[in-house]
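The values are calculated or read from the model by the stated rules, or taken from the named source; none is laboratory data. Bear in mind that the values here come from a model prediction, so they are computed numbers and not experimental data. Backbone-built Cβ (ideal geometry, glycine too); neighbour counts: all protein chains shown. Each accessible area value is taken on the protein alone, full model and side chains, heavy atoms only, with ligands, DNA and RNA left out. Shrake-Rupley method; radii C 1.70, N 1.55, O 1.52, S 1.80 Å.
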Amino acid sequence: MTESNLISIAILGGTGKEGKGLAYRWAKAGYHVHIGSRSADKAIVAANEIKEMLGAESFVDGKSNLEAASEAKIVVVTVPYAAHRETLESVKDELKGKILIDVTVPLVPPKVSTVQMPAAGSAAQEAREIVGNDVQVCAAFQNISHEHLLDNADVECDVLVTGTSKEARAETIKLVEAAGLRGWDAGPIENSVVVEGLTSVLIGINKKYGSTHAGIKITGAKRDS
Ligand SMILES: NC(=O)c1ccc[n+]([C@@H]2O[C@H](COP(=O)([O-])OP(=O)(O)OC[C@H]3O[C@@H](n4cnc5c(N)ncnc54)[C@H](OP(=O)(O)O)[C@@H]3O)[C@@H](O)[C@H]2O)c1
């Protein structure tokens, strides 16, 4: 296999539901995806599953979280909130000068349909505190259920992208669109509190109305692209 011309993406916890779905979408779009895990063997199994779906010519491999983070230009974190700090602490030295996209929702079981934000304001703001100012941190995909990521279906939910710089948000929106979703610049990282909190609202709606992937769409606004 020759190398992808597109930027490389690491997905920490990419063996899980949300991470594997995003890995599939980005590998399908031609990106080189490094699936990260606490266990390189487990990551290789997940990468092979995606290769089976997309064909041997797709650019997906499995590595430890640390190796994946060190090899990629953009690092995405998709782990449960309980593992968020530990995962970021374990790779932070590899993130300098890169963009970190945080997908984490700070759910506190059992009350996952109640908004419960950490002291930093949001999981993404906590990530920023952990990784420091040499890393651009964006928050995205928190409202996208993993449900349809692996089956190529249209996802009826927009992606609100917040982040520490306009440039990082623009790069993240490129990845949103490469995944077949619609992304919006939703402003500074402080605004991630709203987007992360919205996930609990959507989980509550799913429970109340018997759905699995309630979403949101921005209406009344047009974008150039
Ligand atoms: N599922 C969704 O539909 C969805 C939608 C939007 C946002 N999110 C958010 O995305 C994140 C991941 O969700 P998910 O449903 O994909 O989670 P998941 O499948 O339960 O876990 C994802 C991965 O995180 C790693 N992990 C799990 N427990 C860990 C621990 N105690 N310490 C370190 N790593 C651990 C595991 O990777 P290894 O064992 O390979 O290390 C696991 O495969 C969460 O913050 C969630 O709120 C999920």
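Return the single residue from Asp61, Asp154, Asp41 with maximal mean-square fluctuation; model: Gaussian network over the chain, springs between Cα atoms under 10 Å.
Asp154
Select from the range 1-54 those GluC sites (Glu not before Pro) which occupy a DSSP coil region and have at most 10 other Cβ atoms within 10 Å, ordered by residue number.
Answer by residue number: Glu3.
What helices in the chain pass both tests, a Cα length along the helix axis of 15 Å or more and a mean Kyte hydropathy of 0.5 or higher, using whole DSSP H runs?
Flagged H segments are 192-209.
When the helix-only estimate is applied to the chain (DSSP H runs of n ≥ 4, each -39,500 (n - 2.57), divided by the residue count), what is the mean residue ellipticity at 222 nm, nearest 500 deg cm²/dmol?
That calculation yields -11000 deg cm²/dmol at 222 nm.
Per residue, how much accessible surface does the chain expose to a 1.4 Å probe? Answer in Å², no decimals.
Values: 10620 Å² over 225 residues.
Normalised by residue count, the accessible surface of the chain is 47 Å².
Let me check something: with ligands and nucleic acids excluded, how do Tyr81, Tyr31 order by accessible area (1.4 Å probe), largest to smallest?
Tyr81, Tyr31
Which of Asp102, Asp151, Asp185 moves most in a GNM of the chain, Cα contacts under 10 Å?
Answer for the Gaussian network model of the chain: Asp151.
Using a cut-off of 15 Å between alpha-carbon atoms, which aspartates and glutamates can reach Lys96, once sequence neighbours fewer than 8 places away in the same chain are excluded?
Within reach: Glu67, Glu71, Glu129, Asp134.
If you average the C-alpha positions of the range 31-45 and of the range 133-199 separately, how far apart do those two centres end up, in angstrom?
22
Return, ordered by residue number, the residues of the range 147-180 whose backbone nitrogen is under 19 Å from a label point located 7 Å along Cα→Cβ of Ile205.
147-149, 154-162
Taking amide H atoms as placed 1.01 Å from N in the peptide plane, list the residues 5 or more away in sequence, or in a different chain, whose amide H sits under 5 Å from that of Arg182.
Val159
Nearest-5 percent of antiparallel DSSP beta bridges in the chain?
Beta bridges within the chain, antiparallel portion: roughly 5 percent.
What's the carbon and sulfur percent of the range 8-209's accessible surface, probe 1.4 angstrom, rounded to a whole number?
Numbers: 4470 of 8610 Å².
On the range 8-209, the fraction of accessible area on carbon and sulfur atoms equals 52 percent.
Looking at the calculated P(r) for the range 8-209, what percent of the C-alpha pair distances fall above 32 Å?
It works out to 8 percent of all Cα pairs.
Anything over 23 Å Cα to Cα? Flag those among Lys63/Lys111; Lys98/Lys217; Lys17/Lys51, in the order listed. Don't jump to the answer; show the numbers that get you there.
Details: Lys63/Lys111 33 Å; Lys98/Lys217 29 Å; Lys17/Lys51 16 Å.
Where the Cα-Cα span goes over 23 Å, the pairs concerned are Lys63/Lys111; Lys98/Lys217.
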